[in-house]
1. T206 versus (1) surrounded by fewer than 23 Cβ atoms within 10 Å (Cβ to Cβ); (2) among the polar types (S, T, N, Q); (3) under 17 Å from the mean Cα position of the chain (by Cα); (4) away from the ligand (no atom under 16 Å from the Cβ): which is the lone unmet condition?
2. Return the only residue of K22, K34, K65, K39 being open to solvent by 20 Å² or more (accessible area, probe 1.4 Å), under 22 Å from Q194 (Cα atoms) and in a helix (DSSP H, G or I).
3. What about P558, is it open to solvent by 10 Å² or more (accessible area, probe 1.4 Å), within 15 Å of the ligand (Cβ to nearest atom) and out of contact with any helix residue (DSSP H, G or I) (no Cβ under 8 Å at 6 or more places or on another chain)?
4. Within segment 177-225, track down each residue that is among the basic types (K, R), touching a Ser or Thr at 6+ places or on another chain (Cβ under 7 Å) and not in a loop (DSSP other than H, G, I, E, B).
5. Being under 25 Å from N315 (Cβ atoms) and either in contact with a strand residue (DSSP E or B) (Cβ under 8 Å, 6 or more places away or on another chain) or in contact (Cβ under 8 Å) with a residue 60 or more places away in the chain (or both) is the filter here; which residues of segment 407-440 pass it?
6. Please specify each residue of segment 134-159 satisfying the condition of being within 15 Å of the ligand (Cβ to nearest atom), among the charged types (D, E, K, R) and more than 10 Å from the chain's Cα centre (by Cα).
7. Residues V556, V566: which one is farther than 18 Å from N444 by Cα and either among the hydroxyl-bearing types (S, T, Y) or at pLDDT 95 or above (or both)?
8. Return the residues of segment 264-307 that are within 11 Å of the ligand (Cβ to nearest atom), within 22 Å of I330 (Cα to Cα) and open to solvent by 10 Å² or more (accessible area, probe 1.4 Å); say none if nothing qualifies.
Amino acid sequence: SDASVDVAPCGSNLYCQGDILKAVQLSGIFEDDKTFVDKPTLVPEADVIAAFAKLGKNPSKSDIKAFVTANFGDETSLLRPANLNDWVPNPKFLGNINDPYLKGFASAINEIWKNLIREQDLSGLCEGCTSSFLKINGTFVVPGGRFREFYYWDTYFSMEGMLLSELYDTVKGMIEIFFDYVNQYGFIPNGTRQYYLNRSQPPLLTQMVNIYYNATKDNAFLVKAIPILKKEHAYWVHNHSVNFTIPEKCGNRFYTMYRYDVKNTLPRPEGYSVDYKLVNSEAIDVDVQKKMYAELSSAAESGFDFSSRWATNPNLTSPDILKTLAVTDILPSDLNAIMYENEKLIAEFSKIASTLAKTEDEKNAFLTDNYIYEKLSRRTYRGMMKFLFDKNTGMFNDYSISNKKSTVVWSVSNVWAYWYLGDFIDADIANKAWDYVSTVAAKNPGGLPVTNIDSGLQWDFPDAWPPLQYTTIKGLLTSASSVEKSNPERSKKYHDTALKLANSLVGSSYCGWYLTGGSIPGLLDKLPNVTDNGHLFEKLNSTNFGFPAGGGEYTVQPGFGWTNGVVLWLLNMYGDKLTVPNCSA
Ligand SMILES: OC[C@H]1O[C@H](O[C@H]2O[C@H](CO)[C@@H](O)[C@H](O)[C@H]2O)[C@H](O)[C@@H](O)[C@@H]1O
């Protein structure tokens with residue numbers, strides 16, 4: 001393809017584009033493409049480029065291996081454990097957990113934060129050397145395993161647990177790191193690497209500020225946050241919105257809706273060989289190839305990489321299904337719901353700020369923002385109800401712009417909007433959605449699978465993702481409280497489904513941890529012949545209680561930030577109801 005018109009995630013000739021990246025990633029010397037792009041150089045970049053040039057036109061695999069060994073360092077370097085001044089051994093929420101094993105489990109997770117919360121240490125980088133890391137000003141939580149950097153949407157779910165662990169200063173500092181990125185780049189990158197600089201992730205910063213504010217009532221911080229949250233919102237409006245209408249359905253009216261959309265024409269550096277081989281597996285036009293690269297990156301931006309949810313032919317399986325991704329043609333229901341909630345929250349924060357203003361002008365400016373963002377939220381709401389909401393099923397479906405109709409794949413993300421909008425939905429229609437969810441939950445002991453389609457992709461059946469158990473439970477709780485007075489029986493039913501999901505995630509994570517060497521001093525011995533000390537996994541198997549899920553382009557990762565966060569959140573909320581499962585059953 002014509003490199004002069006290619007759009008890469010960043011300018012680096014090592015980490016984002018160019019011959020060295022291509023040769024190393026296609027050589028097959030690493031099982032996981034992310035390994036190479038996480039390696040810092042051992043010599044200045046110009047020397048790396050000169051050393052590569054010496055290899056000539058078609059270097060062998062062993063030449064490339066020797067070149068990488070001589071010029072690149074360890075991918076896990078440039079990080080150190082953080083000095084956590086706010087970590088406490090016995091956070092108060094442990095007192096809310098009755099079952100002694102689950103209390104011990106919560107305490108073990110509280111310990112695990114110390115391994116996952118890190119600081120950058122660039123002192124190991126030699127003079128003139130370089131790495132793919134973005135500068136990270138402060139302490140941050142990583143997901144774990146191959147995910148050695150700070151991720152955007154993961155952090156919301158990790159924070160729910162970190163706040164219970166009373167890591168208030170650390171949480172505040174992490175939000176401030178994100179503020180720096182909004183100021184520097186205008187948006188928050190997918191993760192803190194140069195190769196993530198062309199895309200964001202589900203925009204949950206405003207909601208991070210919300211949970212931090214609810215936990216601390218830090219007014220000064222809230223006031224400081226508002227201009228930055230507005231700036232991030234503007235980025236999504238300018239780069240990720242479409243003005244959409246269907247004349248026969250809408251007359252002259254246009255609706256502003258949001259979508260994932262990454263400008264990119266090259267393989268994702270951290271998945272280079274996977275993307276390259278997929279796109280070059282048959283003879284296709286260069287323009288079509290470039291479009292496929294843009295779709296792959298846009299799927300990564302959605303957080304759901306990869307899923308039949310984005311496929312025009314969801315009946316195919318991996319890898320062929322990936323050739324049919326049409327992310328940029330879809331109005332995703334979860335993204336639109338998130339944007340609606342962000343607009344509502346910016347309006348609410350502005351109202352609070354207006355009461356704290358020191359001058360009349362300041363107060364009026366906040367009240368104007370309150371008015372503007374309320375209005376924006378109504379605009380997003382109208383679009384969601386017009387195009388995404390299905391009165392027959394109660395689901396908020398994804399919508400295909402080109403087909404002018406809902407897409408066909410059901411996903412747990414179709415009930416995400418209930419978290420924020422549950423109060424506004426007709427109770428009988430909402431009940432249909434929740435009946436469906438509870439039927440799926442009843443069939444899956446390990447949690448709600450993300451879709452019903454077994455494509456081999458990681459955001460498909462049978463994978464149960466902790467953040468989506470959280471969003472579904474939030475939706476159930478909103479619906480339960482909205483019918484509590486009018487229909488207590490229904491309300492109880494929703495609470496029961498929420499508890500069932502909580503039992504699945506907490507129980508399955510507990511067993512996964514125990515079976516991989518988890519123990520509790522004086523109460524639970526470590527299994528014999530297990531060398532590890534207990535892992536929580538990034539995703540669980542919905543059909544196989546106690547086991548992680550698989551699928552996708554990398555092996556399941558232990559750690560794990562969002563699992564720990566959501567499990568602690570559930571243990572705190574249902575600490576008087578949850579009981580320890582029998583892990584050998
Ligand atoms: O390397 C492949 C992809 O890895 C990341 O995605 C997955 O892990 C993230 C961190 O836990 C999570 O936020 C995301 O939802 C997962 O699918 C990365 O975010 C992708 O951009 C990347 O291509």
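The values are calculated or read from the model by the stated rules, or taken from the named source; none is laboratory data. None of the values given here were measured: they were computed from a predicted structure. Reconstructed Cβ throughout: ideal geometry from the backbone, glycine too, with neighbour counts over all protein chains shown. All accessible areas refer to the heavy atoms of the entire protein, side chains included, with ligands and DNA or RNA removed. Shrake-Rupley method; radii C 1.70, N 1.55, O 1.52, S 1.80 Å.
1. Of everything listed in (1) surrounded by fewer than 23 Cβ atoms within 10 Å (Cβ to Cβ); (2) among the polar types (S, T, N, Q); (3) under 17 Å from the mean Cα position of the chain (by Cα); (4) away from the ligand (no atom under 16 Å from the Cβ), T206 misses just condition (1).
2. Details: K34 fails: open to solvent by 20 Å² or more (accessible area, probe 1.4 Å); K65 fails: under 22 Å from Q194 (Cα atoms); K39 fails: in a helix (DSSP H, G or I).
Every option except K22 fails the conditions.
3. Working: open to solvent by 10 Å² or more (accessible area, probe 1.4 Å): yes; within 15 Å of the ligand (Cβ to nearest atom): yes; out of contact with any helix residue (DSSP H, G or I) (no Cβ under 8 Å at 6 or more places or on another chain): yes.
Against the criterion (open to solvent by 10 Å² or more (accessible area, probe 1.4 Å), within 15 Å of the ligand (Cβ to nearest atom) and out of contact with any helix residue (DSSP H, G or I) (no Cβ under 8 Å at 6 or more places or on another chain)), P558 qualifies.
4. Taking segment 177-225 and keeping what is among the basic types (K, R), we get 193, 199, 217, 224.
In the following step, the residues that additionally are touching a Ser or Thr at 6+ places or on another chain (Cβ under 7 Å) were identified as 193, 199.
R193 - this is the single residue of segment 177-225 that is among the basic types (K, R), touching a Ser or Thr at 6+ places or on another chain (Cβ under 7 Å) and not in a loop (DSSP other than H, G, I, E, B).
5. Looking only at segment 407-440, we keep the residues that are under 25 Å from N315 (Cβ atoms), and these are 407-416, 433, 436-437, 439-440.
T407, V408, V409, W410, S411, V412, S413, N414, V415, W416, V437, listed by residue number.
6. Going residue by residue through segment 134-159, those that are within 15 Å of the ligand (Cβ to nearest atom) are 134, 140-159.
Then drop every residue that is not among the charged types (D, E, K, R), which leaves 146, 148-149, 154.
Within segment 134-159, R146, R148, E149 qualify.
7. Values: V556 fails: either among the hydroxyl-bearing types (S, T, Y) or at pLDDT 95 or above (or both).
The unique qualifying residue is V566.
8. From segment 264-307, those within 11 Å of the ligand (Cβ to nearest atom) are 267-272, 274-275, 296-307; that's our starting set.
Of the ones still in play, those that are also within 22 Å of I330 (Cα to Cα) are 267-268, 275, 296-307.
Correct list: D305, F306.
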